[in-house]
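Since the structure comes first, as structure tokens, the remarks are kept for the end.
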Amino acid sequence: MKKRVVTSLVLMMLALSPMAAFDGFTDIFGEPEQDIEVQADPLSIAGSVEFGIEAFRGEDEFLDGEAQVLGGLGIDLSWKGSIVDAKASLALNPSMDSQPQWEDLFTGLSLTAYHGRGFVEAGLLKKEWGSGDGVHVVDVLNAPDYRNGIVDDTLAMKVAEPMVGSTFTLGDTTMELVYKPMLIPMLVAEDTSDRWSLGSFAAFTPYFTAATEIDTPSHSDLIGFDKTQIGVRLKSILGPADVGLIYFNGFYNQPGYGIVFDYSDPSNPTIDSLTVDFTRAQLFGGEATMVAGPLTFMLEGGFWLSEDMDGDDPEKYNSKAVWLGGMGFMVPATSAYASVTYHGQQIMSFPTPAAITDVDIIQANSSSDGKAMMNTFTAALEFPMAREKVSIRLAGTYQLETAGYAFIPSVTWKITDDFKFNATGRIFGSLENKESIFKMWDGNDALKLSISYVF
């Protein structure tokens with residue numbers, strides 16, 4: 001009997017792509033003493049069309065693998081009024097393997113109203129909190145999407161979630177308030193036969209029998225309409241640094257499992273039932289960024305205070321401390337940029353390894369070699385060339401406890417202002433025989449070639 005069991009146990013990984021925002025401007029020249037009034041079109045449409053092929057290596061022979069045809073249409077609609085803006089971002093990426101979901105269709109949907117000190121916004125939003133260079137430990141507002149593995153795009157690995165927020169600015173200080181009316185769990189491949197599956201309960205395989213029937217809820221079943229969440233972020237300038245304080249009262253977006261055994265036959269115990277629940281926790285965090293010449297220093301840290309403060313509920317995740325330190329470097333006389341980041345976590349009141357059904361033990365066994373502490377290093381190098389028409393990027397991560405690694409090289413060629421060619425590789429593996437997503441995905445090495453037209 002085939003059992004399809006969804007796991008919630010993953011490393012806290014995000015893609016390693018530095019994000020940059022550019023504000024454009026236009027100068028309008030006219031004849032002397034002549035005023036020119038420009039009436040901007042309040043409605044604008046932009047987007048891109050992409051076609052590509054991703055080839056995966058074979059299990060036994062490197063070239064005897066499989067290929068997937070990729071492509072789709074992305075549309076960005078925006079309307080600008082006097083004090084109200086509206087935006088909608090749609091991704092139309094047809095797939096033969098799965099039914100489209102709202103998380104795939106809407107990558108952004110918002111209404112924004114401006115006031116004297118800031119703005120108020122509502123809709124399906126993606127936000128990035130923290131000072132890290134694409135990797136964060138205090139970026140808590142959006143659930144991650146691991147259905148396509150790890151990709152080199154921070155926003156692509158976020159689920160646009162329903163939020164209502166407001167931003168207030170007073171001098172150099174900005175306060176951001178966010179209210180989330182529901183809980184969106186992390187997205188993972190639900191079929192254990194999927195190449196990007198995070199596996200099933202491998203540690204409990206001996207306890208499954210032919211009669212065991214586990215009815216695990218799907219992602220849509222786990223969406224919590226009764227689980228509200230709030231977040232506050234206060235940012236200001238302190239000397240040479242941008243600093244921020246963060247408070248979040250919500251839930252871990254990975255579900256916890258309650259496993260009950262049937263000991264009617266003591267010599268052959270089996271799994272009797274499985275329950276799924278989420279752990280409420282509060283994050284008290286901080287962030288800081290300081291620029292010193294060509295160097296940029298980044299710090300993040302925080303403490304998750306779990307509702308299971310004593311750590312005695314095996315179905316709830318324990319409290320934990322998280323930290324991050326990073327440095328970015330602009331290579332002088334070039335446009336090259338390099339960054340290195342270290343981040344980690346320490347689980348408090350860590351249970352004994354004998355407590356195999358405790359969710360913290362299950363998570364540690366699959367992500368940090370059964371240890372309470374987890375340490376990960378990431379690095380990236382981006383080198384523009386040919387007058388910035390070609391960009392070479394090398395990004396990778398290494399997980400210390402499991403010796404697992406991921407390497408994501410890419411080359412982007414801006415053929416014209418409208419056409420762009422991209423080649424991206426993904427290489428996963430482990431230097432030791434220890435459980436991790438890197439070992440689980442070591443057969444997913446791939447090369448993706450794509451061309452896109454931007455309009």
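Per-structure values
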read-out: MRE, 222 nm, helices only [DSSP H, n ≥ 4, -39500 (n - 2.57), over the chain, to nearest 500]; value: -1000 deg cm²/dmol
read-out: Per-bin percent of Cα-Cα distances, the stretch 246-350 [5 Å]; value: 3, 11, 14, 14, 12, 10, 10, 8, 7, 5, 3, 2, 1, 1, 0
read-out: For the stretch 248-318 versus the stretch 418-453, the gap between their alpha-carbon centres in whole angstrom; value: 28
read-out: Convex hull volume of the stretch 319-455 per residue (C-alpha atoms, cubic angstrom); value: 143
read-out: Within straight-line cross-link reach of K235, aspartates and glutamates at Cα separation under 19 Å, skipping those fewer than 8 residues along the same chain; value: E121, E128, D133, D139, D172, E176, E287, E300
read-out: The stretch 46-454 - Rg and Dmax from Cα coordinates, angstrom; value: 22.6, 73
read-out: Long pairs among K87/K414; K158/K316; K87/K227; K87/K126, criterion Cα-Cα beyond 21 Å; value: K87/K414; K158/K316; K87/K227
read-out: Greater than 22 Å apart at Cα, pairs in K127/K439; K371/K434; K420/K448; value: K127/K439
read-out: Sequence of T154, T228, T402 once ranked by neighbouring C-beta atoms within 10 Å, starting from the fewest; value: T228, T154, T402
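A short reminder: the numbers here are calculations on the coordinates, not readings from a lab. Remember, it's a predicted structure, so these values are computed and weren't measured experimentally. Note: ideal-geometry Cβ built from the backbone for every residue, glycine included; neighbour counts use all protein chains shown.
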